[in-house]
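Input: a single structure, listed below in structure tokens.
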Number of protein chains: 2
Amino acid sequence: MSDRPKRILVIGGSAAGPKAAARARRMDPRAEVTIIQKSPDLSMASCGYPYYVGGVFDDRNQFLCTPTGVVRDPRFFMNTKGIEARTRTEALEIDRERKVVLCRDLEQGTDSEVPYDKLVLATGARPVMPPVPGTELKGITTLQSMEDADYLRRVRDEGTIRNAVVVGGGLIGVETCEALELAGIHITVVEMLPQILMFLDWELAKLLENHMKAKGAHVITENPVSAFLGENGTLTGVKLANGTELPCELAVVAAGVRPNVDLARAAGLDIGEAGGISVDPSMRTSDPDIYAAGDCVEIPNLLTGKKVHAPYGDLANLQGRVIGTNITDAGEAVFPGTIQTGVCKVFDYTAGATGLSERHARAAGFDVVSVVHAEPDKPGFMGAALVVIKMVAERGSGRLLGVQCVGPGDVSKRIATAAMALHGGLTVDDLTVADLPYAPPFSPAVDNLIACAHTLQNKMAGFMDGISCREVKEKVDRGDEAFILDTRGPDEYELMRLGIGEVLIPLGALRGRMDELPADKDHEIICFCKISLRGYEAARLLQAHGWTKVKVMEGGVMAWPFAREK
Amino acid sequence: MSDRPKRILVIGGSAAGPKAAARARRMDPRAEVTIIQKSPDLSMASCGYPYYVGGVFDDRNQFLCTPTGVVRDPRFFMNTKGIEARTRTEALEIDRERKVVLCRDLEQGTDSEVPYDKLVLATGARPVMPPVPGTELKGITTLQSMEDADYLRRVRDEGTIRNAVVVGGGLIGVETCEALELAGIHITVVEMLPQILMFLDWELAKLLENHMKAKGAHVITENPVSAFLGENGTLTGVKLANGTELPCELAVVAAGVRPNVDLARAAGLDIGEAGGISVDPSMRTSDPDIYAAGDCVEIPNLLTGKKVHAPYGDLANLQGRVIGTNITDAGEAVFPGTIQTGVCKVFDYTAGATGLSERHARAAGFDVVSVVHAEPDKPGFMGAALVVIKMVAERGSGRLLGVQCVGPGDVSKRIATAAMALHGGLTVDDLTVADLPYAPPFSPAVDNLIACAHTLQNKMAGFMDGISCREVKEKVDRGDEAFILDTRGPDEYELMRLGIGEVLIPLGALRGRMDELPADKDHEIICFCKISLRGYEAARLLQAHGWTKVKVMEGGVMAWPFAREK
């Protein structure tokens, strides 16, 4: 190899691309680093679009600025990083033999070849449009680009639209729902699957759905869009598979994204089972001089070993940094994979997950044990807010497989903590004695995550026979004869009850009122309270008195996702 | 062994005791469980005292209540848990031969023997009083008991006290400082050591001290109390070792606690090197039928292996649960030890730490590498707040040894996350590619903890030569001739500067202004910016241009703990 500077070419200027470029330039200051970017903007903080649309802030430049307010335009990249960034430039074709990329200047309409020694693909992902009629109508958009964000922000500011439909109840869908609802637009979220937010199990997703409805949004699940309806080329409504027509002037499609692998595929690079560009742990593609990162690649799920498409901005940055190291001989960096950690804010609730949901874990072949735990996130005197946690572990080994969390309380801390526990390969037993930071402004004396591990440990050791709210509801609907025991206080019962034929015997009175329970000691009894701590206490007591089929309804009233009385 | 119920006796009714009792009762519903408690109250949430004193809430019963508002009195323990709790009862002596405890009813003045099969010691800790004259004066208190909290709350409500001294700048000391300052009392915190909050290294503790001062509190370090001054038996002031006299009507002593091991020692149980009752990982003392937990025991620090006294309410609960399992043959539970995780809120700042500080790690014999990293805790457009992190790792292996964090931002999440990383035995490299939850309301795209790991990794790999703010200040004070380069923008510089002879060359202009740098390529150059990200970029550039001694001032202006100009 000659002594001329290394030529590093990066295709894509959003997250992974600029990160790889900047890291490479710092590691090899002699390198000639060029970024090719189709759109006019660079380093957009695209995860912030919903907050701009929702009016959390007003200056769109904040997407494009450094923390000190400098716009990350080509001049900034050249002056502060010594990187040439060509915006409005499209990469048309990779010639791997000659190691050049054919690029088109979209302003001038001229083509040119850009040579490389190392090429980085950060071509991102494309929104999936439902394969139904009418997608070309005016009034249908996604929220993937700066242009989309600008458009929806204008919609908000003009205030002329009354009804909108969000197609897709994933992360972007629910965030967009909040943004538009805050803009005074009446929103319906339409999801083809049986629940929103597929990274959660059904019972936690349902709690979030209930909250969205309480905030005024409509949510329709298990009902795909069958057509966009219009007049004179303009959207007038959305039709669902069951025939429902939702009149609206705006539809935001948030039905997921697919890796944009066109360039890579055309160049003959390996594409993987999940549809993304195949990379090894150094983020190298099947061509040793071409690397790829961000939304265009697939990476291993560290729990299942299977390749997944994980289009998250944080992972794009981490992968970009790994590439910046590896293409400059600054060391051998590795990106081992993802545990698919995610979080989103939806109105006053936060929902997050890390690792595998129970559904995912079962699908991946794990023998699973799980529990739902509901509890305030601080002592009551500090102004606590509820968080509901679901913890999933491998039966036998007790290895943690995943944690989900939903509620108005501090969800993001519990998910971050759980994510690190997964990275460490910890077990449920490990979590039961974890040394987490405690002070009343931040958590209960036993943090919710640890308390949840306690409950799951009890369940795994056979001290608690848990039953989910959903199973209880199904039993009741089937007419099963389980005795349902509410162990709360009379005042709590007065305030609100489940209305499923439950019998109130407060825990403190239970020792003296056992004659009110089924005489048949093999009759199923399901205990609960507000969060099922007293329910568990009651269950232990009844087991000690000979009842053989005593269950605890996990999470109690606070995790009950169905209608209540009063 | 006969078939009679197992007699479980618990001495101490605050945290560890009731937890052990309740768990034991649930695991063995036939057991006869008795709690002996000297004070009139049970299960007090004692970590909440400062917030009651400070007026965060007004109902003292909230300390004693379940989340649903039921007071945890002896009747509650009997009715809901089947546990006999004897308050105002003191355990005088353990007869291990006969397996009885001599107890005194403090109301009646009568003594009786209580037999046990398994005994649990949860005798807590006692406040340390400075060995100086005047400690008997009226107006001197601690904040350890319900009575203390009641007293200080009356002080607040009556509003007659103008000046108070808090003796001790530890966790309780700084929390008490905030509580009394909020009550309109003028506070001086006096600490004998060179810094407050010894779980932090000096530079982070100093940032917190600066914040306390900005909030109106006085803080005096490295100056022990030499006497409490008084007239007619009432406190009038506090005298310090350097002769300073601080007039005050109230002094709160928060100079730490010592394990209360009197009963255990008198009974001949092993007391350990850290002064606490010796226990094995099952929390069993040197007597196989006696267990101990909470503030009276010593436990292993999991990073050093050495026994430590870790008087935290959360650990007390976890240990109590382990005992509840082990004394009832419900399994073999283990409490492996502590990583000494702690957090506290002080005015608008939070300070926390987990694992070892650099000072502790060095004292324990580790070859240490560390870094300070400052950064907002979210994207700017979401209303970010600063957090300053210090990360400590073992040189060579890269194993994480500890993390400290201070600032107005979300510190508690970073400490909880770091604590779990320590439990998992993760390395700095592991942290650089961790999959944490990201969404703009909760964190930057690369979480502060990961960004800090990136910086430490750069330092360990030799890409960054870090220097602490303190070392820079010492250099400047010594008259060292280092060239100090501020790489921020002119507007930032106008707003505020360090005033240590720094030269402003904005990063974006640096490539064109290298002639303004020392011509001698071996001259030391120290680069910084607001958070030293641009400082790092500048350093890499200068290194590439041949300067050999280029350092980055870690954390930049935001971590600078000394006076600034403007």
So, in the stretch B:487-502, exactly how many residues are touching a strand residue (DSSP E or B) at 6+ places or on another chain (Cβ under 6 Å) and outside any loop (DSSP other than H, G, I, E, B)?
2
Inside the stretch B:26-50, the number of residues satisfying the requirement of being surrounded by 20 or more Cβ atoms within 10 Å (Cβ to Cβ) and facing another protein chain (nearest Cβ under 8 Å) is 5
Filter the stretch B:430-458 down to the residues that are closer than 15 Å to A:Arg23 by Cβ and over 24 Å from the mean Cα position of the chain (by Cα) and list them by number.
B:Thr432, B:Val433, B:Ala445, B:Val446, B:His454, B:Thr455, B:Gln457, B:Asn458
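Pick from A:Thr68, A:Thr89: which is surrounded by 20 or more Cβ atoms within 10 Å (Cβ to Cβ), among the β-branched types (Val, Ile, Thr) and not assigned by TED's automatic domain parsing to the domain that holds A:Pro224?
Numbers: A:Thr68 fails: surrounded by 20 or more Cβ atoms within 10 Å (Cβ to Cβ).
Exactly one of A:Thr68, A:Thr89 is surrounded by 20 or more Cβ atoms within 10 Å (Cβ to Cβ), among the β-branched types (Val, Ile, Thr) and not assigned by TED's automatic domain parsing to the domain that holds A:Pro224, namely A:Thr89.
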Output the number of the condition that B:His309 fails; it satisfies all remaining conditions of (1) within 21 Å of B:Ala419 (Cβ to Cβ); (2) in contact with a Gly (Cβ under 9 Å, 6 or more places away or on another chain); (3) surrounded by 24 or more Cβ atoms within 10 Å (Cβ to Cβ).
(3)
Given (1) surrounded by 24 or more Cβ atoms within 10 Å (Cβ to Cβ); (2) farther than 20 Å from A:Leu137 by Cα, identify the lone condition not met by A:Ile187.
(2)
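Quick check on my filter: what residues within the stretch A:376-401 are at positive phi and within 14 Å of chain B (Cβ to nearest Cβ)?
A:Gly383, A:Gly398
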Scan the stretch A:358-373 and report the pairs whose first residue is modelled with pLDDT of 95 or more and charged (D, E, K, R) and whose second residue is part of a strand (DSSP E or B) and surrounded by fewer than 22 Cβ atoms within 10 Å (Cβ to Cβ), with Cβ atoms within less than 9 Å and a gap of 6+ or a chain change.
A:Glu358/A:Val368; A:Arg362/A:Val368; A:Asp367/A:Glu394
Has the stretch B:129-152 got at least one residue that is within 14 Å of chain A (Cβ to nearest Cβ), of a type in the set (A, V, I, L, M), more than 30 Å from B:Arg265 (Cβ to Cβ) and touching a helix residue (DSSP H, G or I) at 6+ places or on another chain (Cβ under 9 Å)?
no
Scanning the stretch A:51-108 for residues that are of a type in the set (Lys, Arg), within 12 Å of another protein chain (Cβ to nearest Cβ) and not in a helix (DSSP H, G or I) gives A:Arg72
Within the stretch B:123-140, can you find the residues that are on the phi < 0 side of the Ramachandran plot, in contact with a Ser or Thr (Cβ under 7 Å, 6 or more places away or on another chain) and part of a loop (DSSP other than H, G, I, E, B)?
B:Met129, B:Val132, B:Leu137
Tally of residues being under 17 Å from B:Glu492 (Cα atoms) and not in a helix (DSSP H, G or I) across the stretch B:533-552
0
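Conditions (1) in contact with a Gly (Cβ under 9 Å, 6 or more places away or on another chain); (2) among the charged types (D, E, K, R), marked per residue:
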{"residue": "A:Arg488", "(1), (2)": "yes, yes"}
{"residue": "A:Arg511", "(1), (2)": "yes, yes"}
{"residue": "A:Lys521", "(1), (2)": "yes, yes"}
{"residue": "A:Cys527", "(1), (2)": "yes, no"}
{"residue": "A:Ile531", "(1), (2)": "yes, no"}
{"residue": "A:Leu542", "(1), (2)": "no, no"}
So in the stretch A:354-370, with the set limited to residues that are part of a strand (DSSP E or B) and under 29 Å from A:Thr285 (Cα atoms), which one is nearest to the other protein chains (Cβ to nearest Cβ)?
A:Thr354
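Can you name the residue in the stretch B:307-345 that is part of a strand (DSSP E or B) and facing chain A (nearest Cβ under 10 Å) and, of all such residues, is farthest from B:Leu119 (Cα to Cα)?
Among those residues, the one meeting the criterion is B:Lys345.
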Any hit, the stretch B:421-437, residues being farther than 17 Å from A:Thr354 by Cβ, in contact with an Asp or Glu (Cβ under 6 Å, 6 or more places away or on another chain), touching a residue at least 60 places away in the same chain (Cβ under 8 Å) and part of a helix (DSSP H, G or I):
no
Within the stretch B:262-269, identify whether any single residue is closer than 20 Å to B:Gly17 by Cβ and buried (at least 24 other Cβ atoms within 10 Å of the Cβ), and answer yes or no.
yes
Let me spell it out: the conditions are (1) closer than 29 Å to A:Ile172 by Cα; (2) within 13 Å of another protein chain (Cβ to nearest Cβ), and B:Cys452 meets all of them except one. Which number is the exception?
(2)
Go through B:Gly237, B:Gly275 for me and flag whichever is under 29 Å from B:Gly337 (Cα atoms) and more than 14 Å from chain A (Cβ to nearest Cβ).
B:Gly275
Within the stretch B:422-444, work out how many residues are within 7 Å of chain A (Cβ to nearest Cβ), within 24 Å of B:Asn301 (Cβ to Cβ) and of a type in the set (Ser, Thr, Tyr).
0
Test: A:Glu516 is closer than 23 Å to B:Met78 by Cα and either in contact (Cβ under 8 Å) with a residue 24 or more places away in the chain or outside the structural domain of A:Ala482 (by TED's automatic domain parsing) (or both):
no
Would you say A:Gly12 is surrounded by fewer than 23 Cβ atoms within 10 Å (Cβ to Cβ) and among the small types (Gly, Ala, Ser)?
no
Can B:Ala266 be described as farther than 30 Å from B:Ile185 by Cα and out of contact with any His (no Cβ under 7 Å at 6 or more places or on another chain)?
yes
Please indicate, with yes or no, whether at least one residue in the stretch A:140-159 is surrounded by fewer than 20 Cβ atoms within 10 Å (Cβ to Cβ), in contact with a Pro (Cβ under 6 Å, 6 or more places away or on another chain) and touching a residue at least 60 places away in the same chain (Cβ under 8 Å).
yes
Got a sec? Which of B:Ile531, B:Ile467, B:Ile526 is of a type in the set (Val, Ile, Thr), touching a strand residue (DSSP E or B) at 6+ places or on another chain (Cβ under 8 Å) and within 14 Å of another protein chain (Cβ to nearest Cβ)?
B:Ile531
When the stretch A:222-280 is checked residue by residue, the ones that are part of a loop (DSSP other than H, G, I, E, B), more than 26 Å from the chain's Cα centre (by Cα), in contact (Cβ under 8 Å) with a residue 60 or more places away in the chain and assigned by TED's automatic domain parsing to the domain that holds A:Glu191 are A:Gly233, A:Cys248, A:Glu249
Output the residues belonging to the stretch A:166-207 that are touching a helix residue (DSSP H, G or I) at 6+ places or on another chain (Cβ under 8 Å), part of a helix (DSSP H, G or I) and either closer than 17 Å to A:Thr341 by Cβ or within 14 Å of another protein chain (Cβ to nearest Cβ) (or both).
A:Ile172, A:Val174, A:Glu175, A:Thr176, A:Glu178, A:Ala179
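The values are calculated or read from the model by the stated rules, or taken from the named source; none is laboratory data. Model, not experiment: these values are computed from the prediction. Cβ sites come from the backbone with ideal geometry, for glycine too, and all protein chains shown count toward neighbours.
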